[in-house]
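**Q** I have a structure here, written as structure tokens, and I will follow up with some questions on it.
None of the figures in this text is laboratory data; all of them are computed from the coordinates on show. Everything numeric here is computed off the predicted structure, so don't read it as measured data. Virtual Cβ from ideal backbone geometry, glycine too; neighbours counted across all protein chains shown.
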Amino acid sequence: MILFPDNVPYFLCLSLPAYRLFSVSIHVSICDKNGYNYLMPHLAIFALGPLRIELDGQPISTSRHKALALLLYLVLNPEKRSREVLSAFLWPDYEQEKAFAYLRRTLWELNSLLGEGWLKADRDQIGLTPQANVFIDVSEFQAHLAALRHHNHPTSTVFCQECLAHLRTATLLYRGDFLAGFSLRDSPGFEDWQFFQAEELRQAYSSILQRLSNLLYQQGNFTDSSMFAQRWLALDNLNEEAHRLMMKLYNRSGQRHLALRQYQECQRVLQMELGVSPETATQILYESISSGEVLQEQDLLSAQFGNFREKPADVDVTVRLLEGWVF
């Protein structure tokens, strides 16, 4: 698993394509101790955003979408799958014998595209070979989410640099929705799988943006916090927490007029899409900025949660943010 490099400015990383920033050679050399072998052929699949596949660092492509779909499904579901299940999954409108024939041809196409040794197929089941040296950005993204969930924070910790690194790296990996622009219209089972994968990953990305932008705001890094908050808002423009954070960021940076305009935009979107007014916490923040008062974060938290939820008093800032507490 790769962490955001501390010695590389984040804005430079943003300017690089994911397949250059997270090049296979870097992953393989760094992750060798975790099971990668840089002397073996390596396959890299970038599926967060438009699909891109590299073999030994060189891009490969094919017009056979069923072959790509089968490869992706097997990589993200490493347990062996039966031929019966896979043929029905990708060719649901055909009789079993015909679907089996299409599956055999697709396996041949994949072996022709990648070379031998990546897939293991017998009469009944198909899967990746155990020694297959495969990187896929989806699994890397999920590994950073898992690291965040399981990382223990000492109570003395104010801001956890390890968690920041995981959060930043995850945002770099997520260059777009899962398999953006890819579809198999004659395979509704695959399209359903793709849709739910994309939704789950999109929600995870939104949560990462929420946590990272709030954490950076607490650190006083308003420039980076604003960048991630804007991404978060672009992902979900009905999220009032994101609107409030942008209002606070504008106000803290001396752009009071933009903070007030952000409230007006929030008000407009909510009325147009949902027919509702902003929450009490958003209105209180607006009134505070309008009057030039300095609103304490505790006041906003109380207004937002009211009597529904109590803020724990003995948990450090990082833990509260990573568990979804809003500041």
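**Q** Which one of LEU209, SER183, PHE196 has its Cα pushed farthest toward the positive end of the charge dipole of the range 170-222, where Lys and Arg give +1 and Asp and Glu give -1 at the Cβ?
**A** The one lying farthest along the dipole's positive direction is LEU209.
**Q** Can you sort PHE46, PHE222 so the residue with the fewest Cβ neighbours within 10 Å comes first?
**A** Result, fewest neighbours first: PHE222, PHE46.
**Q** Let me ask another. How much net charge surrounds SER277 when only the other residues with a Cβ under 13 Å from the Cβ of SER277 are counted, with Lys and Arg +1 and Asp and Glu -1?
**A** -2
**Q** How would you rank VAL276, VAL75, going from fewest to most other Cβ atoms within 10 Å of each one's own Cβ?
**A** If I rank by nearby Cβ atoms, fewest first, I get VAL276, VAL75.
**Q** Let me ask something additional. Which net charge results for the neighbourhood of PRO92, defined as the other residues with beta-carbon distances under 13 angstrom from its beta-carbon, given Lys and Arg at +1 and Asp and Glu at -1?
**A** After counting each charged neighbour, the total is -3.
**Q** Now a separate question. Roughly what would the spin-label model give for GLU265 and SER112, points 7 Å off Cα along C-beta, in nm?
**A** So the two model labels end up 5.1 nm from each other.
**Q** With 10 angstrom as the radius, rank LEU274, LEU76, LEU201, LEU209 by how many other C-beta atoms surround their C-beta, starting from the fewest. Walk me through the intermediate numbers first.
**A** Numbers: LEU274 9, LEU76 16, LEU201 19, LEU209 26.
Listing LEU274, LEU76, LEU201, LEU209 from fewest to most nearby Cβ atoms yields LEU274, LEU76, LEU201, LEU209.
**Q** In nm, what is the difference between 0.36 nm times the number of residues separating LEU274 and ASN221 and their Cα-Cα distance?
**A** 15.8 nm
**Q** Count charges around ASP122 for me, please; just the other residues with Cβ under 14 Å from its Cβ, Lys/Arg as +1, Asp/Glu as -1.
**A** That sum, taken over residues with Cβ under 14 Å, equals +4.
**Q** On to the next question. Using a Förster distance of 56 Å, how high is the FRET efficiency between VAL85 and SER291, based on the Cβ-Cβ distance and rounded to 0.05?
**A** 0.30
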